[in-house]
Amino acid sequence: MELSACIFDLDGVIVDTAKFHFDAWNRMAELFGGSLTHTQNEELKGVSRMASLEFILERNNIQKTQEEKNALAAQKNEWYLDMIKNIGKDELLPGVELFLESLKKKNIKIGLGSASRNATTILKTIGIDHFFEVFIDGNSVKKSKPHPEVFLKGAAGLSVEPSRCIVFEDSEKGVKAANTGGFIPIGIGLEENLPEARLVYPGFQNLTLEMILQDLDNIS
Ligand code: B16
Ligand code: MG
């Protein structure tokens, strides 16, 4: 297999913002007298803002009109943006920047495939947007993960075949989306959370593309 491109999810893959999403949603759940468990949070990874809110409302047996939901989603985003306002390179997950640099040197195309409407802004704020040729985020898709739209648009933007493109994901829904789209899903995180990923690594530290290609070869 000749690899043409890599598409990266943002939260939990490039930056450690997943914890801020958790804190903001937990704050909202507390408003309703509940709380968010880490297991429930796994289910929210890769899920759009509105769908996440609906999940929390449902778990707490709360009914809201669409207008109220819009206001609550905006409130969560305000808390989230406040939490990440000083985000910088120290929030990058270990080894990510080196890994992106090495892909560039190998002429492997790089794209973003994130459910977050804040994703492109976050890459720019951190100062790593120059690595990316294509930015597909929550503003550019109609269907959320596990639908493969976000990655298919990324592959189209990079002019690559999904079968020659790795998708790095930390969420089960994202891995499912990559599988459905015919990509090579590589999990970042714990194997037990990502059973459908082709391979799972704890992160990018000490990880090279050669190692991944070799491991893919070994399991095929
Ligand atoms: P926003 P990813 C996802 O980003 C997060 O995993 C998920 O927790 C979040 O609710 C979603 O983005 C929407 O984010 O409120 O910023 O639009 O993991 O697909 O990069
Ligand atoms: Mg993610």
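The values are calculated or read from the model by the stated rules, or taken from the named source; none is laboratory data. Nothing here was measured: the structure is a model prediction, and the numbers come from that model. Cβ sites come from the backbone with ideal geometry, for glycine too, and all protein chains shown count toward neighbours.
Quick look at the values:
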item	result
Selected residue (criterion: modelled with the lowest pLDDT) from residues of the stretch 43-76 that are within 23 Å of residue 167 (Cβ to Cβ) and surrounded by fewer than 18 Cβ atoms within 10 Å (Cβ to Cβ)	43
Every residue from the stretch 50-72 that is aliphatic (A, V, I, L, M) and over 30 Å from residue 131 (Cβ atoms)	53, 56, 57, 62, 71, 72
Selected residue (only one of 123, 100 is surrounded by 19 or more Cβ atoms within 10 Å (Cβ to Cβ), farther than 28 Å from residue 52 by Cα, within 16 Å of ligand 1 (Cβ to nearest atom) and over 12 Å from the mean Cα position of the chain (by Cα))	100
Matching residues, the stretch 1-17, being aliphatic (A, V, I, L, M) and surrounded by fewer than 21 Cβ atoms within 10 Å (Cβ to Cβ)	1, 3
Near pairs, Cβ below 8 angstrom, 6+ apart or cross-chain, from the stretch 203-220 (over 19 Å from residue 7 (Cα atoms)) to any residue that is of a type in the set (D, E, K, R)	219/198
Every residue from the stretch 198-220 that is in contact with a strand residue (DSSP E or B) (Cβ under 9 Å, 6 or more places away or on another chain) and more than 23 Å from residue 98 (Cα to Cα)	219
Residue ID - nearest to residue 7 (Cα to Cα), chosen from residues in the stretch 153-169 that are within 14 Å of ligand 1 (Cβ to nearest atom) and buried (at least 23 other Cβ atoms within 10 Å of the Cβ)	167
Single condition residue 80 does not satisfy, out of (1) assigned to a loop (DSSP other than H, G, I, E, B); (2) within 16 Å of ligand 2 (Cβ to nearest atom)	(1)
Residues being of a type in the set (Lys, Arg) and in a helix (DSSP H, G or I) - total across the stretch 58-69	2
Output for the stretch 133-152, where each listed residue is of a type in the set (A, V, I, L, M, F, W, C), within 16 Å of ligand 2 (Cβ to nearest atom) and closer than 16 Å to residue 6 by Cα	135, 136, 150, 151
Residues within the stretch 170-197 that are surrounded by 21 or more Cβ atoms within 10 Å (Cβ to Cβ) and touching a strand residue (DSSP E or B) at 6+ places or on another chain (Cβ under 6 Å), tallied	11
Residue list for the stretch 160-178, filter: under 19 Å from residue 44 (Cα atoms) and assigned to a helix (DSSP H, G or I)	172, 173, 174, 175, 176, 177, 178
Given (1) within 10 Å of ligand 1 (Cβ to nearest atom); (2) free of Cβ contacts under 8 Å to residues at least 24 places away in the same chain; (3) not acidic (Asp, Glu), index of the condition residue 52 fails	(2)
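Residues checked against (1) among the basic types (Lys, Arg); (2) closer than 25 Å to residue 194 by Cβ; (3) assigned to a helix (DSSP H, G or I); (4) in contact with a Pro (Cβ under 9 Å, 6 or more places away or on another chain):
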position	(1), (2), (3), (4)
30	no, no, yes, no
34	no, no, no, no
41	no, yes, yes, no
71	no, no, yes, no
86	no, no, no, no
97	no, yes, yes, no
